[in-house]
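The next block holds one structure in the form of structure tokens; read it before the comments.
The values are calculated or read from the model by the stated rules, or taken from the named source; none is laboratory data. Everything numeric here is computed off the predicted structure, so don't read it as measured data. Positions of Cβ are generated from backbone atoms using ideal geometry, with glycine treated the same way; all protein chains shown enter the neighbour counts. These accessible areas exclude ligands, DNA and RNA; they are computed on the full protein's heavy atoms, side chains included. Shrake-Rupley method; radii C 1.70, N 1.55, O 1.52, S 1.80 Å.
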Amino acid sequence: MAGKSSGLGALACYESSSEEEGPSPSKSLQQHEQHTGTKLSRSKQQHQQEDRDGVTLQNCKRKLDSDDEQSLSFGKDTKRIRTKDVEKRHQLPSVPTDILQMFSDKRAMEGRKENPGEHGGRIRSFPHVAGNWATHVYVSFEPDADFTDGVKHLLGCLEAEVQLQQVEEYHISLSRTLSLTFHWIQPFIDSLRDSLRHTERFFCTFHGAKLYTNDEKTRSFLGLEVTGGHDHLLQLVQGVDSCLEEFRLQKYYKNPSFHMTVGWCVGNAHEDTQQFNQKLQASLSEAQDEFPSLGGFLVQEIKCKSGNRFFSFPLR
């Protein structure tokens with residue numbers, strides 16, 4: 001019995017030892033299949049993830065390419081806009097026609113030596129300076145044929161004493177001939193217009209004549225002296241002087257002798273003898289009797305000449 005039991009125990013031990021040493025073949029096959037399935041499943045998931053990553057990468061690449069194209073397009077548009085802006089900044093505005101006309105003569109842009117022969121022997125009161133314009137304010141007068149014929153008759157009566165040329169334009173001065181810087185012309189005209197805007201028309205009459213010379217004694221003038229309208233002319237001078245003072249320019253004479261120049265000559269031809277004055281007044285009276293227009297005129301307009309530009313100020 002004891003030997004039999006011992007044999008059974010040994011067999012049991014053998015079986016137990018066999019189970020501990022490794023699984024059975026069927027169980028091992030099953031575990032192998034499960035392990036292989038797990039590997040395949042993991043491989044499949046890995047491939048799917050790689051496919052998804054590939055799609056995501058392609059989408060990102062397309063997006064980057066699209067952004068690059070838009071950036072390039074935006075850069076080109078920006079460059080075009082900036083180029084246009086630069087071109088606009090470099091394009092200078094066109095010069096107004098009025099200014100071009102003032103500078104149409106090239107000599108007006110640079111200092112030059114005056115040739116008195118070009119102006120009938122007359123000499124400038126002040127030298128020409130580029131950018132400065134000779135400016136003069138005066139009462140404008142448009143003569144008729146009767147007036148010009150009367151002037152011609154008067155000058156003829158004085159030929160034995162003084163040789164005078166008949167003027168081409170008739171006026172009564174309200175200022176000296178002044179030098180005005182170009183960029184101040186329009187502001188000066190605006191100030192002058194404002195000062196004269198309430199002035200009404202009035203009559204000027206002539207009684208007597210006189211020879212005048214300019215300040216430099218380079219020219220002489222024969223003028224018809226104003227008697228009627230003298231006070232109105234004084235008021236005009238006061239208005240013009242206020243504008244001149246604003247621009248620091250020299251005012252008119254303190255006690256002006258208003259006159260209309262009808263003849264002129266070069267040099268100082270002043271004749272202050274009693275005999276000459278008697279003949280001058282007698283000749284004027286004779287001319288006024290024959291030519292009534294020499295008696296006076298209606299003042300309707302004030303003008304200002306600056307350079308080669310004329311500005312008009314009609315009276316009310």
Of (1) touching a Phe, Trp or Tyr at 6+ places or on another chain (Cβ under 7 Å); (2) part of a loop (DSSP other than H, G, I, E, B); (3) of a type in the set (Ser, Thr, Tyr), Ser293 fails just (2)
Going by what's in this entry, would Ser306 be described as crowded, with 17+ Cβ neighbours inside 10 Å, hydroxyl-bearing (Ser, Thr, Tyr) and farther than 20 Å from Ser195 by Cα?
no
Picked from segment 217-234 (must be over 17 Å from Tyr252 (Cβ atoms) and not aliphatic (A, V, I, L, M)), the residue least open to solvent (accessible area, probe 1.4 Å) is Ser220
Taking first residues from segment 198-209 that are surrounded by fewer than 17 Cβ atoms within 10 Å (Cβ to Cβ) and second residues anywhere that are assigned to a loop (DSSP other than H, G, I, E, B) and hydroxyl-bearing (Ser, Thr, Tyr), the pairs with Cβ under 7 Å that are 6 or more apart or on different chains are Thr205/Thr227; His207/Thr227
Taking segment 288-303 and keeping residues touching a residue at least 60 places away in the same chain (Cβ under 8 Å) and either open to solvent by 50 Å² or more (accessible area, probe 1.4 Å) or over 27 Å from Gly239 (Cβ atoms) (or both) leaves Gln288, Glu290, Phe291, Pro292, Ser293, Leu294, Leu298, Gln300, Glu301
Within segment 203-219, restricting to residues that are in a strand (DSSP E or B) and of a type in the set (Lys, Arg), the one that is farthest from Gln300 (Cα to Cα) is Arg219
Of (1) at pLDDT 95 or above; (2) within 25 Å of Arg309 (Cα to Cα), Phe206 fails just (2)
Condition set part of a helix (DSSP H, G or I) and in contact with a Phe, Trp or Tyr (Cβ under 7 Å, 6 or more places away or on another chain), scope segment 168-191, selection nearest to Asn132 (Cα to Cα): answer is Phe182
Cβ pairs under 7 Å, 6+ apart or interchain, first in segment 164-188 and farther than 17 Å from Phe297 by Cα, second of a type in the set (Ser, Thr, Tyr) and in a loop (DSSP other than H, G, I, E, B), ordered by first then second residue, are Ser175/Tyr252; Arg176/Tyr252; Thr177/Ser125
Conditions (1) free of Cβ contacts under 8 Å to residues at least 60 places away in the same chain; (2) open to solvent by 40 Å² or more (accessible area, probe 1.4 Å) -> Gly267 fails only (2)
Residue hits (segment 272-287; open to solvent by 40 Å² or more (accessible area, probe 1.4 Å) and either closer than 28 Å to Val137 by Cα or outside any loop (DSSP other than H, G, I, E, B) (or both)) are Gln274, Gln275, Asn277, Gln278, Lys279, Gln281, Ala282, Ser285, Glu286
Inside segment 117-161, the number of residues satisfying the requirement of being of a type outside the set (D, E, K, R), open to solvent by 50 Å² or more (accessible area, probe 1.4 Å) and at pLDDT 95 or above is 2
- State whether one or more residues within segment 235-254 are in contact with a Cys (Cβ under 8 Å, 6 or more places away or on another chain) and open to solvent by less than 90 Å² (accessible area, probe 1.4 Å). no
